[in-house]
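Remarks on the structure that follows.
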There are 2 protein chains.
Amino acid sequence: MTNSSEVTRADRTRARLQDAALSAFAERGFHGTSTRDIAAAAGLSPAAVYMHHSSKEELLFVISRAGHEDTLERVRDAAAASDAPSVQLAAVTRAFARHHAEVPMSARVVNYQLDALSDEHLGEIRTLRRLIGSEIRDIVDRGVASGEFTTPHPQVAAHAILSLGIDVGRWYEATGDWTPGDVGDYYAELALRMVEAR
Amino acid sequence: MTNSSEVTRADRTRARLQDAALSAFAERGFHGTSTRDIAAAAGLSPAAVYMHHSSKEELLFVISRAGHEDTLERVRDAAAASDAPSVQLAAVTRAFARHHAEVPMSARVVNYQLDALSDEHLGEIRTLRRLIGSEIRDIVDRGVASGEFTTPHPQVAAHAILSLGIDVGRWYEATGDWTPGDVGDYYAELALRMVEAR
């Protein structure tokens, strides 16, 4: 049995560990980071890390799952705002690109360090990625079916729209004279051009 | 003094080392790879590695420089094929995206492991990246000046076109039902839509 203040303390410790791990993975990569590094950055002993996470790989998985679940939720919320594919595609692209500009460090770890996950964990993350991708593909397909979009290549167009958003995590910090909102708004326009919206 | 067969042998050894390092960096990341791993994969002793490269970081730099110089040359060759910005933009985007689909492993190491370079080496690579980016930006700017392109945001449009090509290195192997040539041709079309070509 734990009382509520103990639960809160454990949650806070886990959050601190995940923040420390995210910064370390972003800076030195998963393989270049030791559990000891993460513990030190979070102000804990290595033994304390293992009380909360069974391994460094599990920490990466927890971070990656949270990042993908967050993105999936944002994408679904944006898609739910309308029934019209062109409005949905603009809203989803805007939310996706904007969020990658807001948390570029997280976006890089989540998108570029998948190879470090165990097969089982990678499978779970790939399922989340497919769900995110299929939200966009479904919108493009429905737009093509209704005649709003005229692209002859809806699948690859959807892929390219995802690429635009994902790559924001790589370039945004270096050349950030646009706000995340500016990037989102412009990328929403680009997405409509890419699917050849009427 | 070396005779030509000795030069050739040294070149071959260096090429073997670079291939081994590229595979290792792609699979385990720079920090997760030891000089010993690279030596073993190339069939050499760790001491032999240091005869050719002063450090593991220098190997990454040599690989990264060669990849960027190769891309710059392809982009410049494609741009030289015409004076018309729309033809140039299609040719450059086609060459860039196609090449990233042809060598996705190299594309990932070259684009996503820059943080492991020393400041001096990173500076050299950033110069090459700026030259690649400015080839595309110059074409977009000239297209806007001539009225062929009507985008109000030429700089960010150029950035987004680069993003499309770079991200091919991340997704292409997983979903490669298109040939590299197909990807290049379609991305050339997308680029013209993104700059709002007349």
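The values are calculated or read from the model by the stated rules, or taken from the named source; none is laboratory data. All values reported here derive from a predicted model rather than from experimental measurement. Reconstructed Cβ throughout: ideal geometry from the backbone, glycine too, with neighbour counts over all protein chains shown.
Of the residues making up region B:152-194, those that are small (Gly, Ala, Ser) and at pLDDT 90 or above are B:Ala157, B:Ala158, B:Ala160, B:Ser163, B:Gly165, B:Gly181, B:Gly184, B:Ala188, B:Ala191.
Here B:Arg76 clears all of (1) farther than 27 Å from A:Ala26 by Cα; (2) crowded, with 17+ Cβ neighbours inside 10 Å except the condition numbered (2). Scoring A:Arg76 on the criteria (1) in contact (Cβ under 8 Å) with a residue 60 or more places away in the chain; (2) closer than 30 Å to A:Ala145 by Cβ leaves a single failure, condition (1). Scanning region A:136-174 for residues that are more than 20 Å from the chain's Cα centre (by Cα) and of a type in the set (D, E, K, R), we see that the one that is surrounded by the most Cβ atoms within 10 Å (Cβ to Cβ) is A:Glu148.
Where helices (runs of 4 or more DSSP H) fall entirely within region A:87-198, those with at least 1 residues that are free of Cβ contacts under 8 Å to residues at least 60 places away in the same chain and away from chain B (no Cβ under 11 Å) are at A:104-112, A:119-146, A:154-171. Residues in region B:16-46 that are assigned to a loop (DSSP other than H, G, I, E, B), crowded, with 17+ Cβ neighbours inside 10 Å and free of Cβ contacts under 8 Å to residues at least 60 places away in the same chain: B:Gly32, B:Thr33, B:Leu44.
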